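In what follows, a structure is listed as structure tokens, so that the remarks can point back to it.
The values are calculated or read from the model by the stated rules, or taken from the named source; none is laboratory data. Everything numeric here is computed off the predicted structure, so don't read it as measured data. Glycine gets a Cβ as well: all are built from the backbone with ideal geometry, and neighbour counts include every protein chain shown. Please note that ligands, DNA and RNA were not included when accessible areas were found on the heavy atoms of the full protein model with its side chains. Shrake-Rupley method; radii C 1.70, N 1.55, O 1.52, S 1.80 Å.
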Amino acid sequence: MIEHPEAVLLARQLTEHVVGRRIAEAVRGNWPHKFAFYSGEPAWYAERLCEQEVRAAWARGVLIMVAAGDDWVLVLGGGGERITLHPPGAPRPPRHQLLLEFEDGAALSVKVAGWGSCQLWTPDQAANHAWCGSLGWPPSDERFTDDYFLALFEPLADDDVRSIKAFLISDPGVSGMGNGYLHDMLWRARLHPRTRAATLDREQRLALHAAVVRVTHDALAGGGRDDEYDLFGAKGRYARRLCARTVGATCTACGQGVLTKDSFLGGSVYWCPVCQPEPPRPEPRRRRKA
Ligand SMILES: [Zn+2]
């Protein structure tokens with residue numbers, strides 16, 4: 001899944017290698033995919049994108065925005081897209097969900113695994129769409145300061161039951177945050193994923209901010225996760241400390257805990273039972289006697 005570091009890295013590569021190219025042909029995929037999200041009619045892609053120059057590419061949270069001319073923005077990312085640049089003369093993938101052929105003979109393909117976006121928005125939609133209109137600063141941005149992060153906690157009442165996992169990913173959520181890097185961040189901050197966000201003291205919130213920034217920067221420096229690909233098909237070098245592959249291994253921070261997995265909030269969570277002790281689970285509510 002493309003998360004914020006991958007979106008930033010792909011947008012940088014698109015800026016360097018695709019901006020300035022002119023689109024000769026646009027095919028909205030030659031292979032149906034139930035969870036490839038498009039906008040409008042299939043014919044719109046060719047009508048709207050042909051003869052447009054790629055003007056800019058940038059990351060917005062987990063999304064990758066590619067401006068084609070002044071009127072259209074292609075919205076990729078956030079899912080399992082494989083976005084690849086093919087040099088002139090190189091074979092194109094036999095199945096794809098989007099293919100842009102450029103006038104100079106190069107091409108950009110998007111293949112969706114799981115689900116993914118190949119949407120075409122106006123610049124106004126791109127600025128205001130619910131997917132990204134209300135996003136705050138992502139951890140790669142210098143405005144993602146500790147004060148900014150601490151302010152996200154302010155609306156929480158003392159009895160708020162949100163876990164720190166839910167708080168970071170969805171409610172209110174940090175821009176670009178997903179399950180991919182979450183567990184390394186919580187592990188560095190020594191917080192169990194079920195910990196109630198409202199119970200964190202200031203020091204814990206600051207430690208979490210530092211961990212989020214650190215992991216994001218490490219991911220960017222490492223070219224993204226080692227199961228994700230860049231524009232040229234090269235895998236990233238960021239190996240997650242906590243993921244399905246490391247369950248059962250000894251924690252490298254404490255040298256004692258055995259990395260553990262459980263299901264929580266519709267996904268897997270990973271933690272070290274020594275570094276990140278599980279908070280007591282709330283007792284089931286008792287029925288009031290009549
Ligand atoms: Zn540990």
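Taking the options R205, R194, R281, R241, name whichever one is in a helix (DSSP H, G or I) and over 24 Å from Q13 (Cβ atoms). Please lay out each step first, then the result.
Values: R194 fails: in a helix (DSSP H, G or I); R281 fails: in a helix (DSSP H, G or I); R241 fails: in a helix (DSSP H, G or I).
On inspection, the qualifying residue turns out to be R205.
Picking from residues in segment 235-273 that are open to solvent by 70 Å² or more (accessible area, probe 1.4 Å) and farther than 25 Å from H217 by Cβ, the one that is farthest from the ligand (Cβ to nearest atom) is G266.
Within segment 97-126, being among the small types (G, A, S) and closer than 11 Å to H33 by Cβ holds for A113, G114, G116.
May I ask you to list the residues in segment 109-140 that are touching a helix residue (DSSP H, G or I) at 6+ places or on another chain (Cβ under 8 Å) and either closer than 16 Å to I2 by Cα or open to solvent by less than 50 Å² (accessible area, probe 1.4 Å) (or both)? Within segment 109-140, L120, C132, G133, G136, P138, P139, S140 qualify. Evaluating G223 against the criteria (1) surrounded by 13 or more Cβ atoms within 10 Å (Cβ to Cβ); (2) within 16 Å of the ligand (Cβ to nearest atom) leaves one unmet condition, (2). With respect to (1) farther than 30 Å from W137 by Cα; (2) surrounded by 13 or more Cβ atoms within 10 Å (Cβ to Cβ); (3) over 25 Å from the mean Cα position of the chain (by Cα), the lone exception for P42 is condition (2). Residue count for segment 161-191, restricted to those that are of a type in the set (V, I, T), over 17 Å from the mean Cα position of the chain (by Cα) and open to solvent by 10 Å² or more (accessible area, probe 1.4 Å): 1.
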